[in-house]
Amino acid sequence: MTELLYQTDSYLQEFEANVLSVLTDERAVVLDRTAFYPSGGGQPCDFGSLTVGGLIYPVQKVKKQADDVMHFLGGDAQLPSAGSTSLGTLDWARRHKLMRTHTAMHVLCGTVFRDYGALVTGGDMEPLKGRMDFEFATMRGELVREIEAAVNKEVAQAREIRIRILPREEAFQIPDLIRTKINLLPEGIAQVRIVEIVGLDLQADGGTHVRNTNEVGHIRVADYKSKGAINKRIYIEIA
Ligand SMILES: [Zn+2]
């Protein structure tokens, strides 16, 4: 089982961990703790490196499998052995861009829900750009500039982002969470991580975020696409 350090500290760039197990065929190691985000919720995984016994392995992919986080190592150096201590280092430039992008996505969905009552059905992101799907029948080209102005106004409000991990029962009592389909969370999940953009948005979310919307930068609504009468996709870019 891997302790997920990024869940409580998204700004951790370097960490020490023990190698729990080694999957030779896949060139992957499971660590007892990690700051590497293993992808999920539309946020892609982190890259970086793992240093073990003086050898530096590039971390090329990170994936969660049940309670373990697997770190896939590049190069052809001999793999470390289970029990060794390691130093993980994130590609921080990439991760910080993803944090800005992920928070921008929440600013977008919080604003669109507040102003138009449209619900999110999905989303995906890369560093500094993302797309989000809404049930948004009235979306049309003329709204693009209006939405862009509204999201940048929220960014400029310098809203704090708060992360909390709550017992399931307690989380279910927060009425605002219902719209993000918290009731779809599997029975087995005892704790729910809540990401709140104070005064704007509240979601059950596992991703990494900046501390304050003033760290996001400028959000451009780059495009929108109709995916049918109801479903609309909005594209954003962050600068
Ligand atoms: Zn999210």
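Every read-out reported here was derived from the displayed coordinates using simple, explicitly stated rules and does not represent laboratory data. These numbers were taken from a predicted model, which means no experiment stands behind them. Cβ: placed from backbone, ideal geometry, glycine included. Neighbour counts: every protein chain shown.
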Gain on full stretching of the segment that runs from L119 to I56 - 0.36 nm per residue minus C-alpha separation:
18.2 nm
Full-extension gain in nm, S39 to K225, via 0.36 nm per residue minus C-alpha separation:
64.4 nm
By how many nm would the segment from R168 to E126 grow when fully extended, if each residue of separation counts as 0.36 nm and the alpha-carbon distance is taken off?
12.1 nm
Quote the charge dipole size of the chain about the Cα centre in Debye, to the nearest 20; the model charges only the Cβ of Lys and Arg (+1) and of Asp and Glu (-1).
680 debye
The chain: angle of helix 143-156 to the longest principal axis, Cα-based, in degrees nearest 10:
60 degrees
Once you put a point 7 Å from the Cα of V198 and another 7 Å from the Cα of R140, both along the Cβ direction, what distance in nm separates them?
3.9 nm
Pick out, from Y11, P44, V22, the residue whose Cα sits farthest towards the positive end of the charge dipole of the chain, with +1 on the Cβ of Lys and Arg and -1 on the Cβ of Asp and Glu.
P44
With r defined as the distance between the Cβ atoms of A77 and T8 and R0 fixed at 30 Å, what FRET efficiency is calculated, to the nearest 0.05?
0.40
What GluC sites (Glu not before Pro) in the stretch 133-239 are in a loop by DSSP, with at most 13 other Cβ atoms within 10 Å of the Cβ?
E142, E187
Rounded to the nearest Å, what's the spacing between the alpha carbon centres of the stretch 125-147 and the stretch 62-82? Just the number, please.
37 Å
Would you mind checking the tilt of helix 92-116 against the longest principal axis of the Cα atoms of the chain, expressed as 0 to 90 degrees and rounded to 10?
30 degrees
Compute the Cα gyration tensor for the stretch 162-239, then decide on rounded, prolate or oblate, letting a ≥ b ≥ c be the square roots of its eigenvalues: rounded whenever a/c is under 1.5, prolate when a/b is larger than b/c in the other cases, and oblate in all that remain.
oblate
